[in-house]
Amino acid sequence: MSQNTTPSSALSLTAFATLLLIAFMMGSNHVAARFAFENGVDVATAMTMRSSVTAVVLTLLIWQQKVQISLTRQNKRALLGVGVLVGVQSLCIYSSVARIPVALALLAFNTYPLWTTLWAFLIYRHRPQAVTLRAMPVMLVGLALALDVLGAASGLGAQGQWSLMGIGVAFAMAAAATFALALVFIQHETVGVDGRVRTLSTMTCAAAIGLVAVSTQGGFHLPTADAGWWGLMGLTLLYGTAFTIMFTVLPRLGVVGNSAIMNVEPIFALVLAWVLLGQAIAPVQVLGGLVVVGTVMFLGLRKR
C-alpha cells in the first residue's frame with residue numbers, strides 16, 4: 001500500500017534482503033491460499049481472516065508506537081474509497097489464484113503500473129512519461145507469452161486456453177485495475193496520512209467487505225482437511241508478518257514504502273507453486289513472466 005521511492009543503488013544489503021523476504025512472504029501467502037481453496041475454504045473466508053488479523057496487528061503496532069492520528073474530511077473520504085477498492089482487489093486476486101496457476105495470476109496482477117498510468121491520466125490528467133509508454137508494449141508482450149494467449153504451449157489452441165483460464169485472468173486484471181486506482185487515490189488524496197494508519201484503515205475496510213461477502217454465502221467456509229488449515233493459517237500469518245516488517249523494519253533501514261524489488265513476488269510464487277502444488281508452466285511462459293517482472297522492476301527502479 002505504498003509507492004516505489006528508493007532506487008536500488010541506495011539500498012543496503014540488509015534492506016535488499018528484507019525486501020526480498022517480504023516478496024517471498026507475499027508470494028508464499030498466495031501459494032498457501034491455494035492450499036486453503038483446494039481444501040474447503042472460500043475466497044471470502046480467506047480474505048476476511050487475512051485482513052482482520054492484519055488489522056489487529058497494525059492496531060497494536062500503532063498503539064505501541066503511539067502514532068498520532070489526525071485526518072481531514074478529505075482524508076477520511078479518500079481512505080474509505082481506498083479501503084473499498086483494496087477490498088474488491090483482495091476478493092479478485094484470491095478469486096484468480098483459486099482458478100489459475102498462482103504465478104500466472106500474480107503476473108497478470110503485476111500489470112497494475114500500466115493501470116496506474118491510465119487512471120492518473122483519466123482522473124488527474126497526468127501525461128504518462130515516454131519511458132512508460134515504451135515499456136507498455138514490452139510488458140504486454142511478456143504477459144501474452146506468460147498467459148499463452150494463443151494456446152500454443154498448452155496445445156489447447158486459443159479458444160481452449162481462454163475457456164480454461166479466461167475467468168481467472170479477468171479476475172487478476174480486475175485486481176490490477178482496482179489496486180492501481182487505489183494507489184492513485186493514495187498519492188493524491190491521502191497526503192500527510194501515516195502509512196500505518198492508512199493501511200489499518202484499508203485492512204479494516206477489506207475485512208468488513210469480506211464479512212459482507214461471507215454473510216451472503218451462508219457463513220464462513222472453514223477447511224475440510226489439515227492441508228486447508230495449514231493453508232489458511234499460512235496465508236494469514238505470512239500476510240500479517242510481511243506488513244508488520246514493512247512498517248517496523250523498513251523505515252529503520254531507510255526504505256520508505258515498497259521498492260520495485262518486491263515485484264519479484266511472482267517468481268517466488270512460480271517456484272513455490274511448482275515445488276508444493278505441482279503447478280508447472282512451459283519455458284516460453286517462464287520467459288514471458290521474466291519479461292513482465294523485469295519491465296515492472298525497470299519502471300520502479302529508474303531514477304526520476
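The values are calculated or read from the model by the stated rules, or taken from the named source; none is laboratory data. Keep in mind that what you see is a predicted model, and the values were worked out from it rather than measured. For neighbour counting, all protein chains shown are included, and Cβ atoms are generated from backbone atoms with ideal geometry for every residue, glycine included.
Annotations for the structure displayed:
- Test: residue 134 is within 26 Å of residue 184 (Cβ to Cβ), among the basic types (Lys, Arg) and not in a helix (DSSP H, G or I): no
- Residues in segment 114-127 include at least one that is surrounded by fewer than 22 Cβ atoms within 10 Å (Cβ to Cβ), in a helix (DSSP H, G or I), without any contact (Cβ under 8 Å) to a residue 12 or more places away in the chain and not acidic (Asp, Glu).
- Residue list for segment 150-196, filter: among the small types (Gly, Ala, Ser) and either assigned to a loop (DSSP other than H, G, I, E, B) or farther than 28 Å from residue 37 by Cα (or both): 151, 152, 153, 154, 155, 192, 195
- Contacts under 6 angstrom Cβ, first residue in segment 61-79 being within 22 Å of residue 182 (Cα to Cα), partner outside any helix (DSSP H, G or I) and not acidic (Asp, Glu), 6 or more apart: 75/190; 75/193; 78/190
- Which listed residue is hydrophobic (A, V, I, L, M, F, W, C) and assigned to a helix (DSSP H, G or I), from 88, 67: 88
- Of the residues making up segment 27-52, those that are out of contact with any Leu (no Cβ under 8 Å at 6 or more places or on another chain) and part of a helix (DSSP H, G or I) are 37, 51, 52.
- Among the residues making up segment 233-247, a single one is within 12 Å of residue 61 (Cα to Cα) and touching a Lys or Arg at 6+ places or on another chain (Cβ under 7 Å): 247.
- Being at pLDDT 95 or above, buried (at least 17 other Cβ atoms within 10 Å of the Cβ) and aliphatic (A, V, I, L, M) is a property that residue 174 has.
- Boolean, residue 201 is in a helix (DSSP H, G or I), among the polar types (S, T, N, Q) and closer than 26 Å to residue 40 by Cβ: no
- If you go through segment 15-41 and keep only what is surrounded by fewer than 20 Cβ atoms within 10 Å (Cβ to Cβ) and either more than 17 Å from the chain's Cα centre (by Cα) or closer than 22 Å to residue 85 by Cα (or both), you end up with 16, 17, 38, 39, 40.
- Residue match in segment 55-76 (condition: under 23 Å from residue 185 (Cα atoms), more than 20 Å from the chain's Cα centre (by Cα) and of a type in the set (D, E, K, R)): yes
- Take the conditions (1) modelled with pLDDT under 95; (2) out of contact with any Asp or Glu (no Cβ under 9 Å at 6 or more places or on another chain); (3) among the aliphatic types (A, V, I, L, M); residue 97 misses just one of them, which is (1).
- Filter pass, residue 139 being of a type outside the set (Lys, Arg), modelled with pLDDT under 95, within 30 Å of residue 281 (Cα to Cα) and touching a helix residue (DSSP H, G or I) at 6+ places or on another chain (Cβ under 8 Å): yes
- Selected residue [in contact with a Gly (Cβ under 7 Å, 6 or more places away or on another chain), in a helix (DSSP H, G or I) and crowded, with 17+ Cβ neighbours inside 10 Å] from 299, 272: 272
- Test: residue in segment 26-40 that is on the phi > 0 side of the Ramachandran plot and in contact (Cβ under 8 Å) with a residue 12 or more places away in the chain: yes
- Output for segment 136-170, where each listed residue is touching a residue at least 12 places away in the same chain (Cβ under 8 Å) and of a type outside the set (A, V, I, L, M, F, W, C): 142, 148, 154, 161, 168
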